[in-house]
1. Identify the residue in the range 146-193 that is closer than 19 Å to C72 by Cβ and of a type in the set (D, E) and, among all such residues, is surrounded by the fewest Cβ atoms within 10 Å (Cβ to Cβ).
2. With respect to R99, is the statement that it is touching a helix residue (DSSP H, G or I) at 6+ places or on another chain (Cβ under 9 Å), modelled with pLDDT under 95, part of a loop (DSSP other than H, G, I, E, B) and in the same structural domain as M183 (by TED's automatic domain parsing) true?
3. Within the range 127-172, can you find the residues that are more than 23 Å from R189 (Cβ to Cβ), in contact with a strand residue (DSSP E or B) (Cβ under 6 Å, 6 or more places away or on another chain) and of a type in the set (V, I, T)?
4. Filter the range 130-145 for residues that are among the β-branched types (V, I, T) and surrounded by fewer than 16 Cβ atoms within 10 Å (Cβ to Cβ) and give the result.
5. Consider only pairs whose beta carbons are under 7 Å apart and that are at least six residues apart or on different chains; among these, list those whose first residue lies in the range 123-138 and is assigned to a loop (DSSP other than H, G, I, E, B) and whose second residue is modelled with pLDDT of 70 or more.
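The values are calculated or read from the model by the stated rules, or taken from the named source; none is laboratory data. All values derive from a computational prediction rather than experimental measurement. Here the Cβ positions follow ideal geometry from the backbone for every residue, glycine too, while neighbour counts run over all protein chains shown.
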Amino acid sequence: MRSLVHVAATLAVILTNGGCSSASHPAPSAKPDAPVQTVQAAQTVASPCIAVVSGANFSSWQTVAGDGFTFCVPGNWHGRGHNWRSTVSTLEWGTGKARGQTVKVLETRVVSKSELAVGRRGSPEPPAGTDIQRFTDQIDGRTVTLWRNRINGKFYVGGQWDTPQVWLLGEADDQTSADTQMMILRTVRFAAK
């Protein structure tokens, strides 16, 4: 089993260092006795955040590089690739159009006998306490559609840029974490236009 872990760690090193690139660049060799922790630590190291947002201090935040853009997350967030998280929230990103988020809503509703007798059903309404916010803004000189929704006590935050097509989707357990995710969206910076 230990050798299987080393094979997976070696494969991760090869893939993250461009082992699948042209033949003129030989794939790096990984020592079979290299600890797996070293590989994981190297993949999560990020540079300090250099984004500037009025009234915000990102000195303890780190930069995450996307495809043609960057964004920043707090220093206590962990992840790699397209998925980042803290203890109470998650964030993922991608290019193209954002996938739809499916939220399962469970609600108990009292229905009168007369409504049942005539087969009348009310239109599906969001549960009490639901808050849906959707708006357009400018971030790094580009138009973005932002949303911040609260459904069943959970927060769903996101942004979709059309030029270039980039999206970030977050889910948080509390309002403070949702505020942090909105600030993360404001740190998005694109490569030169």
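1. Out of the qualifying residues, it is D179.
2. Judged against the criteria, R99 is not a match.
3. Across the range 127-172, the qualifying residues are T130, I132.
4. T130, I132, T136, T143, T145
5. P126/I151; P127/N152; T130/R150; T130/I151
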